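**Q** Quick one: structure below, then a few questions.
The values are calculated or read from the model by the stated rules, or taken from the named source; none is laboratory data. Computed from a predicted structure; not experimentally measured. Every residue, glycine as well, gets a Cβ built from its backbone with ideal geometry; the counts of neighbours run over all protein chains shown.
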Amino acid sequence: MTKKDWLQAFPTRRIKPLDGLAVTAEVWEEEQTYHRQRQRFHAMLEHGPGIVTGLEVIASDPPDTAVYVLPGIAVDPQGQSIVLVEPVTYDVGQSAEGLLYVLLSYGESRPRAAEDAPPDAPRYVHAEYSIEARETWPDTPCVELARVRRQGHGAAIFNAQDTAFPGPNEIDLRFRREIGARPQEAAAMAVSYLGGGRTDVRHGQGASHVARAFNRSEPHTRLHVDHNVPLGPGLTAYTLLYLVGQGSFQLSREEMQALYAFMQGGGTVLIESCRHDTAEGEPPADTYFYNLMGDLGLQLTELRSDQRLLREPNLFAAPPAGFETQGAPKVIVSEEAIFSTYDYGCLWQGERRGRSASREEIRAALEWGANIVAYAVARRRRVRRDAQER
């Protein structure tokens, strides 16, 4: 429908109830039609057609010619709400080939009475839907759920290995139109200081600067920072733990258990030594951190260019400069931990060794901090989802 058609079809009159009004089937239908049309116009003109929530499309396990459409809600181009209350299997079939659109359409049943109802029982119109895979877009209103570039008759359909670049015979979700409001996700970073018998809050303040930058760039996630957090059972409330070494230290058995449980529950650990007040070279806390990572069984390796930390949400060819300007700073990672000798915490405060940091250096470091937070948020979400599916 064009904009003019929508305006001409908009309901502009409604029935006024009066005592003694004969509510015939025609009157009742007109009254209900008015409200249904108003609801459809609101959905279409205020939000537009698309997917409100859910309706993810996933491959079979093991992959075959079918896909699964998970429960969810969509609004079609005529403002009709389409609801799937349970997963649906759709078989693309053997013959379909080329670019296929997986489409969801609205429908209604003929009026029918409930089973075993008496003859004079009311009849109901049931909302229905249909799913189909087509090579062309139909003239009838529908909502796109996915696309597949199928190569070969009867080829199996897979989940995309890289959702940004789905390949042949992989489910392409890039063209789905999401119209639902996304709830804001809460994330928290704990800053803990180890060794030295003192608490230099420089890194905690730097972490707060990262949180402010992250919250401006990621409106759907809100990051909070707590300082001086002890290593105990309360760590499970945090998404990211920032361990700052300020000298030699030794963790107790209870602290080790809390740290291990935190990582097993989906938490990510960022590890750095404060280099602000140390001479050039490796500060004492680095040695203790290496020992700690070994005791925890962490196998850390050099950061590869294809890893998420360097790509999302900000693209880096390599980790940016940190506070440390001497030697060969490095970042080594495992799934659960990120160990850095750059000392980003001091740079997040605007400092580099022997001089003030430039605006460009600070910006790059804050964007790098946002990547670390985004990695921790995504990992915690994935671990929790996997735990729910088991």
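**Q** Scan (1) assigned to a loop (DSSP other than H, G, I, E, B); (2) at pLDDT 90 or above; (3) surrounded by 13 or more Cβ atoms within 10 Å (Cβ to Cβ) for the single condition ILE58 breaks and write down its number.
**A** Status for ILE58: all satisfied but (1).
**Q** Something else now. Pull up region 69-98, narrow it to residues that are part of a loop (DSSP other than H, G, I, E, B) and of a type in the set (D, E, K, R), then point me to the one that is nearest to SER130 (Cα to Cα).
**A** ASP76
**Q** Cβ contacts < 9 Å: first residue closer than 29 Å to PRO49 by Cβ and modelled with pLDDT under 80, restricted to region 1-30; second residue of a type in the set (Val, Ile, Thr) and not in a helix (DSSP H, G or I), any location; separation 6+ or different chain. Result?
**A** Every condition considered, the pairs that remain are GLU30/ILE15.
**Q** Oh, and also: Quick check: anything in region 369-380 among the polar types (S, T, N, Q), in contact (Cβ under 8 Å) with a residue 12 or more places away in the chain and part of a loop (DSSP other than H, G, I, E, B)?
**A** Checked against the condition, which is being among the polar types (S, T, N, Q), in contact (Cβ under 8 Å) with a residue 12 or more places away in the chain and part of a loop (DSSP other than H, G, I, E, B), region 369-380 yields no hits at all.
**Q** Testing GLY266 on (1) within 19 Å of ALA337 (Cα to Cα); (2) in contact with a Lys or Arg (Cβ under 9 Å, 6 or more places away or on another chain); (3) part of a helix (DSSP H, G or I), one condition comes back false. Which one is that?
**A** Only one criterion is unmet by GLY266, namely (3).
**Q** Can ALA211 be described as surrounded by 15 or more Cβ atoms within 10 Å (Cβ to Cβ) and either under 24 Å from GLN349 (Cα atoms) or in the same structural domain as PHE339 (by TED's automatic domain parsing) (or both)?
**A** The answer is yes for ALA211.
**Q** I'm told LEU315 meets every condition in (1) without any contact (Cβ under 8 Å) to a residue 12 or more places away in the chain; (2) surrounded by 12 or more Cβ atoms within 10 Å (Cβ to Cβ); (3) farther than 24 Å from TYR193 by Cβ except one. Can you identify the failing condition by its number?
**A** For LEU315, the exception is condition (2).
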